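Comments concern the structure below.
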Amino acid sequence: MLKLLKNLTKREWIYAIFCVILIIGQVWLELKIPDYMSEITVLVQTEGSKMNDIILNGGYMLLCALGSLVFAVGAGYFAAYIASEFSKNTRKQIFEKVQNLDTDEIKAFQTSSLITRTTNDVTQIEMLIAMGLQLLVKAPITAVWAITKILNKGWQWSAVTGVAVLILLGVIITLMIIVIPRFKIVQKLIDKINSIARENLTGIRVVRAFNAEQYQENKFSKVNDELTDLQLFNQKKFAIMMPVMYLIMYGLTLSIYFIGANLIQNSMLADKITLFGNMIVFSSYAMQVIMSFLMLAMIFMIIPRAEVSAKRINEVLDTKQKIFSGTFKGKTKEIGTVEFKNVSFKYPDADEYVLENISFKVNKGETIAFIGSTGSGKSTLINLVPRFYDATEGEVLIDGINVKDYDTKELNNKLGYVPQKAVMFAGTVNYNISYGDNGKETTQEKIKEAAKVAQAEEFIEKMDDKYETHIAQGGSNVSGGQKQRLAIARAIAREPEIYIFDDSFSALDYKTDSVLRKELKKYTKDATSLIVAQRIGTIMNADKIVVLDSGKCVGMGTHKELLKNCDVYKQIALSQLSKEELENA
């Protein structure tokens, strides 16, 4: 928790100091009210007292109450400002940190958990700061100040107040011991609920197609009921606090008046008025003491959950980045070249290599394709180029420079990446095609040209608002083939040196695939293309084809060369095309 509070800015610390000063002023004014109340009580009981004196003391009480209100509003404003700024900055930190984590690290946290940590966990700490900054300062000051004012009023009353405080503390400590361990479980269950809800929304079509609505409902209900039962247990235990507090408060008041009545009855006539005034003052201050401990109890109920949330947030912020940006931004001797030098790769904590000793080089204007059975390492290989992962051994070079040496933005500006699963963002068609920044202006003409090459122009023109048509998050209002063509158009609009297509043509029909590749070849004749594909027809015209099998390169060459020299490639080709089609290709 303290580690996160170090992120407060200088202005926020200054506001915190102002808040503390206002709270001290508020407490001082609140504790002055019983003094004036005692004075009024004495004046009322004393013969010959003037009404003006009573009204004057009453006026002081009103001024104290009004001043306390003003200070409380000011302290609340500063506390709310600090809490909201802290949560804003913390959310920003988490978001930026997640953006810089590599793919493997994000998978380790899980998307649903990262969402919970960015939202619910930050909110828990925000609540603690907003309430805690006021109550944690106010409660001990009030308690200590009130106790000093009543110490000389009577040891009997002090003893009763001490017993009341001990009982209250005993109840609070018992509740905390019971409830605190369950807060960790609550946050984990919230993660689970987010995960199930996200899974259900993402796969809603499959759920409906397989009549699995009831299964999903049962799955959600199980976790939801578990969370509800746990929260009910916690809230029931906390609900004990209120009746216990009132019981102690009213019991203490009754005890003070009972003791006071006996003291007054057994005292001399001259001391009766003084004892009566002391009893009134003591009962007021005793309530302040009890309320102070109650305020601390409220904070102690929030602290455990906030502490759990703080640890979860720090887990993200303390995660050490494995991939760091380089510094190279200058011009290179080569342009548009991609080279792998004895590259091997294995996932963190894995024993076996996914890729072993891969070497090849492709020059500007050439197309290199990668093919192999499922799990052969094709996508992993090209993911090393944009540094989604870093090679375990060997070097990946772009334009003769190791990708690890490039400034991240400089490297990305050279690439046009089309993922295996097309990703659409909430916005217009224009927004999705011109997405990102590569240091070049993306004009409307460039967007239309990219859409035309990607064979997306036809369906875009049929939309109601054409290029201003809204695309839903994830592209749920367009088909798979349309999403894939828009993703390809996005890469084309960047005009990169190197194109990376990770099985990006699989959702297209054969005709569209063929036309798109022909247009793409014309448009990108001066760019280098890396293509991962399952279809032989998609890659047979590539300048170089790399055949992968269990992470190893088992063949490299043109389509015709591989048909003669590579059995793995030949088997894949024959599984898709007849001998006649292969011979005539």
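Miscellaneous remarks
- Helices in the chain, meaning DSSP H runs of at least 4 residues, each add -39500 (n - 2.57). Divided by all residues, the mean residue ellipticity at 222 nm is -22000 deg cm²/dmol.
- C-alpha center-to-center spacing [segment 37-97, segment 524-551] in angstrom: 74 Å
- Dipole of the chain [Lys/Arg +1, Asp/Glu -1 at C-beta], most positive-end residue of S84, V515, F324: S84
- Sites A350 and D509, calculated FRET efficiency, Cβ-Cβ separation with R0 41 Å, nearest 0.05: 0.65
- In a simple Cβ point-charge model (Lys, Arg +1; Asp, Glu -1; nothing else charged), the chain has a dipole of about 300 debye relative to its Cα centre.
- Going by neighbour counts of Cβ atoms within 10 Å, the residues E307, E213 line up, fewest first, as E213, E307.
- For the chain, the longest principal axis of the C-alpha atoms and the axis of helix 567-576 are separated by about 90°.
- Environment charge of A422, counting only residues whose C-beta is closer than 14 Å and scoring Lys/Arg +1, Asp/Glu -1: +2
- Our coupling estimate for segment 29-39, obtained by passing each phi through the Karplus curve with A = 6.51, B = -1.76, C = 1.60 and θ = phi - 60°, is 5, 5, 7, 7, 4, x, 4, 5, 4, 4, 4 Hz, Gly and Pro reported as x.
- Inter-label distance, K409 to W155: 7.5 nm, where each label sits 7 Å from its Cα along the C-beta direction.
- Farthest towards the positive end of the charge dipole of segment 40-129, among the residues F95, V73, M51, is the Cα of F95, using unit charges on the Cβ of Lys, Arg, Asp and Glu.
- A cut-off of 5 Å between modelled amide H atoms, ignoring neighbours fewer than 5 places along the same chain, links G427 with I471.
- Axis angle, to the nearest 10 degrees, between helix 480-493 and the longest C-alpha principal axis of the chain: 80 degrees.
- Mean-position separation - Cα centroids, segment 327-370 and segment 389-467, in angstrom: 20 Å
- 15 Å beta-carbon shell around L66, net charge (K/R +1, D/E -1): 0
- Between K331 and F300, the C-beta separation translates, for a Förster distance of 56 Å, into a calculated FRET efficiency of about 0.35.
- Each label was represented as a point 7 Å from its Cα along the Cα-to-Cβ direction; for L317 and K518 these points are 5.8 nm apart.
- Using a simple spin-label model with pseudo-atoms 7 Å out from Cα toward Cβ, N100 and S479 lie 4.4 nm apart.
- Cα-based helix-to-principal-axis angle, 155-202 vs the chain, degrees rounded to 10: 20 degrees
- Dipole orientation for segment 2-317: of the candidates N262, V223, M242, V223 has the Cα lying most toward the positive pole (charges on Cβ; Lys, Arg +1; Asp, Glu -1).
- From least to most packed, judged by other beta carbons within 10 angstrom and beginning with the fewest, V160, V423, V206, V338 follow the order V206, V423, V160, V338.
- Applying a threshold of 19 Å to the alpha-carbon distances of K346/K378; K511/K544; K10/K88; K421/K521 flags K511/K544; K421/K521 as lying beyond it.
- Extension gain for the segment K92 to N218, taken as residue separation times 0.36 nm less the Cα-Cα distance, is 41.8 nm to one decimal.
- Exposure proxy ranking, count of Cβ atoms within 10 Å, fewest first, for L169, L381, L294: L169, L294, L381
- Contour excess over end-to-end distance, with Cα ends at F388 and A426 and 0.36 nm allotted per residue: 11.3 nm
Read the figures in this text as sums done on the coordinates, not as results from a lab. This one's a predicted model, so the numbers in the text were calculated from it and none came from an experiment. Note that each Cβ is placed from the backbone with ideal geometry, even for glycine, and that neighbours are counted across all protein chains shown.
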